[in-house]
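Structure first, commentary second.
The values are calculated or read from the model by the stated rules, or taken from the named source; none is laboratory data. Remember, predicted model here, so these are calculated numbers, not experimental data. Glycine also receives a Cβ, built like all others from the backbone with ideal geometry; neighbour counts cover every protein chain displayed.
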Amino acid sequence: MHLAYPAVLAALLFCTGLYGVLARRNAILVLMSVELMLNAVNLNLVAFDVWLRDTLHAGQALTLFVITVAAAEIGIGLAIVLLVFRRRGDSGIDRLRDTAEPPDPRPGGAPDGAGTPADEPRHGGPRTPVRKAGTTA
Amino acid sequence: MTATGPVPLATELLSAGAHAAGAQAPTAGANAMRTHAVTLAAEAGGRGFLSPTGVEIAFLLVGLVTLGAAIVTVTTRQLVHAALWLVVALGGLAVEYLLLTAEFIAWVQVLIYVGSVVVLLLFGLMLTKAPIGRSPDADSGNRPAALAVAVTAAVTLVWVVVDAFRTTWIDLDEAGRGSTAATGRMLFQHWVLPFEALSLLLLSALVGAIVLARRDGNGTRGRDGGRGRDDGGNADRDSGRDGVTEEQR
């Protein structure tokens with residue numbers, strides 16, 4: 001068999017998983033796409049192991065290890081998704097923006113002393129006292 | 001590796017085999033290596049894509065099914081259907097492993113992926129109250145960017161891979177290379193330490209998943225108090241639910 005067949009199939013499967021990871025909104029669908037990418041890697045490992053005839057069978061051993069790590073990853077990932085769903089009632093990864101930097105309402109960034117107390121309530125969140133401490137210092 | 005790739009490899013193997021044969025007694029291993037290198041060099045040049053073998057045709061057909069199922073998995077708007085098409089894709093990959101003479105990995109694939117990972121995903125869909133019918137917001141807003149990235153990566157990878165391995169030939173005739181006996185011997189002779197480390201990893205992942213997904217009764221006192229300051233409604237509901245579980249205990 002030509003090595004090109006499994007290699008091309010693995011590349012296409014990997015790119016399919018890449019599209020899924022980037023385009024999906026539900027966290028469980030993202031996990032499915034990650035599984036597709038890991039399986040593409042496994043196919044590559046098996047094909048190259050058969051081609052190179054490694055005496056240690058490194059390709060097949062690494063495939064088994066990747067399958068194990070993927071099983072552990074899917075367990076932990078689903079537990080995290082369930083926890084997030086229980087706390088927030090939603091598993092869409094678009095709305096998980098708690099650690100994102102809020103966009104600065106003033107144009108041109110935040111120069112020192114520009115923050116007046118009048119527009120402080122518009123910021124909200126825990127960032128305001130930090131900046132106030134920074135500007136007063 | 002270009003079109004003349006396997007031939008230097010073969011000559012290198014030939015010289016290595018000749019050196020080994022000259023240094024030690026001429027063993028059967030050196031002879032086998034030499035003949036293997038010769039057949040590798042001869043077959044890589046002579047095979048073309050226009051006269052595929054039966055294994056290649058089977059691989060191609062199963063590969064098309066696998067790729068189609070994978071594409072449906074990442075594009076369908078019905079979440080449960082995505083999980084079921086993932087079964088088709090992973091099962092097709094198991095058949096590909098069988099065609100590549102990796103039997104044990106094929107059955108492990110069937111057991112682990114089709115048997116447990118997809119069931120876990122279906123349970124996850126069920127527990128997050130996924131809609132049964134079509135959900136309009138399955139895809140996020142950056143879908144054109146994702147499509148562009150994926151198509152660019154696919155074109156680049158396929159181009160490079162085809163250019164590199166156009167003339168590389170896999171010899172699938174050696175029997176029993178990926179059998180359970182060979183895999184077990186390899187795994188418990190050379191890879192024992194990573195194997196045991198992986199068992200520890202699985203154990204810790206199991207414990208971590210239980211700790212994360214557990215609906216804890218006693219330990220939530222402090223956290224419920226902290227959450228009550230943030231959003232009152234949720235905290236009330238959660239404390240009621242915790243009270244129920246404590247009563248059940």
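Values for this structure:
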| item | result |
| --- | --- |
| Cβ-Cβ under 7 Å pairs, at least 6 apart or on other chains, segment A:51-62 side in contact (Cβ under 8 Å) with a residue 40 or more places away in the chain, far side buried (at least 16 other Cβ atoms within 10 Å of the Cβ) and assigned to a loop (DSSP other than H, G, I, E, B) | A:Trp51/A:Leu3; A:Trp51/B:Thr168; A:Trp51/B:Ile170 |
| Single match in A:Leu45, A:Leu64, A:Leu29, A:Leu78 (criterion: hydrophobic (A, V, I, L, M, F, W, C), more than 13 Å from B:Arg177 (Cβ to Cβ), in contact with a Ser or Thr (Cβ under 6 Å, 6 or more places away or on another chain) and buried (at least 19 other Cβ atoms within 10 Å of the Cβ)) | A:Leu45 |
| Residue selected from segment B:169-184 under the condition at pLDDT 85 or above and within 9 Å of chain A (Cβ to nearest Cβ), by the criterion surrounded by the fewest Cβ atoms within 10 Å (Cβ to Cβ) | B:Ala182 |
| Subset of segment A:48-61 that is more than 8 Å from every other protein chain (Cβ to nearest Cβ) and surrounded by fewer than 17 Cβ atoms within 10 Å (Cβ to Cβ) - its residue that is nearest to B:Val119 (Cα to Cα) | A:Ala58 |
| Filter result for the condition that a residue is at the interface with another protein chain (Cβ under 7 Å from one of its Cβ atoms), part of a helix (DSSP H, G or I) and under 16 Å from B:Ala153 (Cβ atoms), over A:Leu22, A:Leu43 | A:Leu22 |
| Elements of type helices (runs of 4 or more DSSP H) contained in segment B:58-150, each with 3 or more residues being more than 23 Å from A:Leu45 (Cα to Cα) | B:79-99, B:118-127 |
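Residues are listed down the side, and each one gets a yes or a no for (1) over 30 Å from B:Gly184 (Cβ atoms); (2) surrounded by 17 or more Cβ atoms within 10 Å (Cβ to Cβ):
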position	(1), (2)
B:Ala69	yes, yes
B:Val88	no, yes
B:Val114	no, yes
B:Val118	no, yes
B:Pro136	yes, no
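Table: residues versus (1) surrounded by fewer than 15 Cβ atoms within 10 Å (Cβ to Cβ); (2) modelled with pLDDT of 90 or more; (3) closer than 30 Å to A:Thr68 by Cα; (4) β-branched (Val, Ile, Thr).
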residue: B:His190; (1), (2), (3), (4): no, yes, yes, no
residue: B:Gly208; (1), (2), (3), (4): no, yes, yes, no
residue: B:Leu212; (1), (2), (3), (4): no, no, yes, no
residue: B:Thr220; (1), (2), (3), (4): no, no, no, yes
residue: B:Arg241; (1), (2), (3), (4): yes, no, no, no
